[in-house]
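Q: Take this structure first; my questions come after.
The values are calculated or read from the model by the stated rules, or taken from the named source; none is laboratory data. Fair warning: this is a prediction, and the values are worked out from it, not measured in the lab. All Cβ positions, even for glycine, are placed from backbone atoms using ideal geometry, and neighbour counts span all protein chains on display.
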Amino acid sequence: MKVGNILSKERFVNSLKSLGKLRIKVNHSSLLTFSALVLILLVAFTIRLFPLRWEIDPKADSVQLHLSEFDPYFQYRFAEYMINNGFISWAWPTQWVDTYRWYPSGINIAKGGYPGLPLTAALLYSIISSLGVNISLMDLCAIFPAIMGMLASLAIYFLGKDIGGKPVGLFSSLFLALSPSYIQRTQVGFFDDETVGILALVLFALLFLRAIERSKPLNSSMKYALASGIVLGYFCSSWGAAYYPIGVTVLFVFLSILLKRYTRRLFLSYSITFGLGLYITAWVPKITSTYLTTSAILPVAGVFVLLCFCEVFRGVTSPKWRTILIVILLAMLVGVFSVLWQFGYMRGIAGKFMSVINPLIRGQSPLIESVAEHRISAWGSIYYDFGIGIIFFAASFFFILRDLNDRNLFLLILGLTSLYFACSMVRLLVLMAPAFGLLASIGITGILKPFNTLLKEPPRISVRKKYGLQPVGKEFSGAAVFLIFLILMTNFAFPMPKVYKQAWSPVTITAGSLPIAPDKPVHEWLDMLNWMRNNLEATTVVCSWWDYGYWLTILGNVTSLVDNATINGTQIENVGFTFMANETQSLKMLKQYKAEYILVFTTTDTAGRWIGYGDEGKWMWMARISGKAQSRFVEDGFVDERTSWTNESSFGFYNDTRTDLYPQGRWDWSPRPGADLGMSSTVYKLMAWGKHSWCEKNGVGDPEQQEWFRNGLNAEDVKPKYFKEAYFAGVDSGSSYSGIVPLICLYEIDWQKYCNDYPS
């Protein structure tokens, strides 16, 4: 026993000595790459947390984060329902119809929402909660976008590395991490489809390109194809923009066939990816199997047929039979598509997607055009977003076309199409961010490559020559590298980085829906919603413009008529009519919806002048949208031809006369001769009376009174007759933010008085 113990001790001591002699070899290049990537990911995450500055109040007992914009609140409500009732309870055994939105018909959530994002958040919340972490769902949803932004920056590193090596991967990760448009969509609070959509786009491209890589074993390609199919199914279940990667991939495979790049591996990977991806998609209640017959998805089947024929062609050597097969193929494609079209199985693309392809048709729909992020992008906005990096983006096409392999062909299509769609719609600048990062990185590394080669060359013995060209010295190469470094620094860091400005902005509701970064949280909207939650019932119907519908339902806990889902254009036209008509006509419409309250949001400066950030800047769209249904309102007896309208011109005109009070001119609300419009409109009265109340309580002369006197009116004539003050947030506080005063005015409808005047 003693001998055994001694031998065991000796072995233990010897093993420790051998460990001491081991030297861990560290590749300095890999260490630098790892360190740079970790730093980029850290920056990507922390810069998206900047809005927390307005969310964390050190004086408060607890911290309650808020979501940004409007749609994220629907995603939150969807996730909350899954957690409380089960992950598939919204679709099975019965579909969830939310009657507190789009009253009275409600909205079928299973048919009206993509489940990918809320399901992801619900699963993550359940896992975290089971581990004992105490976090509210709202807080998790607020932080979630920043996590996804960091993960997308990591995923694009691997995609860039596959395409052009580690330098391209690092630059791509940096560009995406600091993309202003992508920061806007992934900063704290922006819990919307883009948060998972961009990550899914990058992952799909990474996995699909690995699946078709010719040097990989077939078994590996199948695994990557299965993974890319799962990601595609998740993408389609999360964001309507899934049309984009599908279209890009179909175009890529089609061009590969034309360029004689067909391989059996391409056929196999394409079949597995789209077979699995579209199978998953068809089970989503909002999408269903009819998705497969849309004009955007049918080309997937068309290219699959082409691949089948390419496989057949490989075994056919006779020119005669090849010609016959081509004729058969064309006849089949034309015949199948004609039959589908004739019998109505081939459906068109939704209007908002068509408006991206053809932005000119957007002007025919005021509802789409009224959203600022749906506007056509100006070159100035594109340059502001991507900066001087556009030069490297353009240069990359030279390097790609010089070596047009499979990856570069895919990237070429991705870059050109994303540029087109980003120009078509401001919102889609975020869709261009990954492609821009990859292409700009290729441009930078391509330009730097010859200079980097010169820097690595050993020093040469200088030989003086009287004539002849001298070799370029290393100092010139160093200068070129330093110049590009300065360009990138000015793009990201100096003098006042747009990246920082984009990130340094509060969430929408904490900013009071004002386009500013105030020195303190704007509390007026939160006060209004808190008042509603404490003083009104969940079944109380409150009418407002569709921008605020989600806030009213989810934060105010009341029933709304319209919101950003915009599922019922007729109801939005009716709400627009409610605001633009006079009080009597407006109440005839509100009676149909059994509304009890109506809300307007207006902004003014400290001198009592309207600014344009509230409904005083949106009423024109109310007029245009409701004006599209002019004939319907006349036929239904809500208005007559004399008091109807088609656009905002019936309510006044823009007076470009410059005065000290209005140096830029102003809109003059004035009745059209012989018609009851302008200052008699409901929206004008509700906004003007709220502003007049603020002016009176804060000792400010109301500039609008001059217009009343000019039109033979006084304050009592403008005061709403059938709407009485319920709660005006911001009127009593006397607060202003950078000289802006937000006023949220809630009026209770005086149905008793209306019924006394109009008994019928």
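Q: I'd like to check which helices (runs of 4 or more DSSP H) are fully inside region 518-596 and have at least 2 residues that are within 20 Å of D71 (Cα to Cα), modelled with pLDDT under 95 and among the hydrophobic types (A, V, I, L, M, F, W, C).
A: Working: elements: 524-535, 569-580, 583-593.
Ranges flagged: none.
Q: How many residues, within region 716-760, are within 16 Å of M532 (Cβ to Cβ) and surrounded by fewer than 19 Cβ atoms within 10 Å (Cβ to Cβ)?
A: Number satisfying all stated conditions: 3.
Q: Please verify whether S29 is closer than 30 Å to L174 by Cα, modelled with pLDDT under 90 and part of a helix (DSSP H, G or I), treating the condition exactly as stated.
A: It is true that S29 is closer than 30 Å to L174 by Cα, modelled with pLDDT under 90 and part of a helix (DSSP H, G or I).
Q: Hey, can you tell me all the residues within region 74-88 that are farther than 16 Å from L140 by Cα and touching a residue at least 12 places away in the same chain (Cβ under 8 Å)?
A: Matches in region 74-88: F87 only.
Q: Oh, and also: Within the bounds of region 367-382, is there any residue that is hydrophobic (A, V, I, L, M, F, W, C), assigned to a helix (DSSP H, G or I), crowded, with 16+ Cβ neighbours inside 10 Å and modelled with pLDDT under 80? Talk me through it step by step, then tell me what you get.
A: Within region 367-382, the first condition is being hydrophobic (A, V, I, L, M, F, W, C), and the residues that meet it are 367-368, 371-372, 376, 378-379, 382.
Among the residues that remain, those that are also assigned to a helix (DSSP H, G or I) are: 367-368, 372, 379, 382.
Narrowing the set further to residues that are crowded, with 16+ Cβ neighbours inside 10 Å leaves 367-368, 382.
Narrowing further to those that are modelled with pLDDT under 80: 367-368.
Yes, the conditions are met somewhere in region 367-382.
Q: Something else: Name every residue in region 631-649 that is assigned to a helix (DSSP H, G or I) and more than 29 Å from T603 (Cα to Cα), in order of residue number.
A: Answer for region 631-649, where residues must be assigned to a helix (DSSP H, G or I) and more than 29 Å from T603 (Cα to Cα): S631, R632, F633, V634, E635.
Q: For region 249-296, which residues satisfy the criterion of being touching a Ser or Thr at 6+ places or on another chain (Cβ under 8 Å) and of a type in the set (G, A, S)?
A: Scanning region 249-296 gives S269, G277, A282.
Q: Answer yes or no: is there a residue in region 625-645 that is under 11 Å from A581 (Cα atoms) and in contact with a Pro (Cβ under 6 Å, 6 or more places away or on another chain).
A: There is no residue in region 625-645 that is under 11 Å from A581 (Cα atoms) and in contact with a Pro (Cβ under 6 Å, 6 or more places away or on another chain).
Q: Give me the pairs: first residue in region 384-411 and basic (K, R), second residue crowded, with 22+ Cβ neighbours inside 10 Å, beta-carbon distance under 7 Å, and six or more apart or on different chains, which are they?
A: Once the first residue is basic (K, R) and sits in region 384-411, its partners that are crowded, with 22+ Cβ neighbours inside 10 Å give R407/I163.
Q: Filter region 273-290 down to the residues that are closer than 20 Å to W92 by Cα and in contact with a helix residue (DSSP H, G or I) (Cβ under 8 Å, 6 or more places away or on another chain) and list them by number.
A: To start, the set of residues in region 273-290 that are closer than 20 Å to W92 by Cα comprises 279-290.
Once the filter is applied, which keeps residues that are closer than 20 Å to W92 by Cα and in contact with a helix residue (DSSP H, G or I) (Cβ under 8 Å, 6 or more places away or on another chain), region 273-290 yields Y279, I280, T281, A282, V284, P285, K286, I287, T288, S289.
Q: Another question about this same structure. Scanning for something closer than 23 Å to T578 by Cα and either small (G, A, S) or in contact with a strand residue (DSSP E or B) (Cβ under 7 Å, 6 or more places away or on another chain) (or both), does region 497-512 turn up at least one residue?
A: no
Q: Can you tell me which of K753, K691, K721 is of a type in the set (D, E, K, R), in contact with a Lys or Arg (Cβ under 8 Å, 6 or more places away or on another chain) and either more than 16 Å from L587 (Cα to Cα) or outside any loop (DSSP other than H, G, I, E, B) (or both)?
A: Unique residue meeting the criteria: K753.
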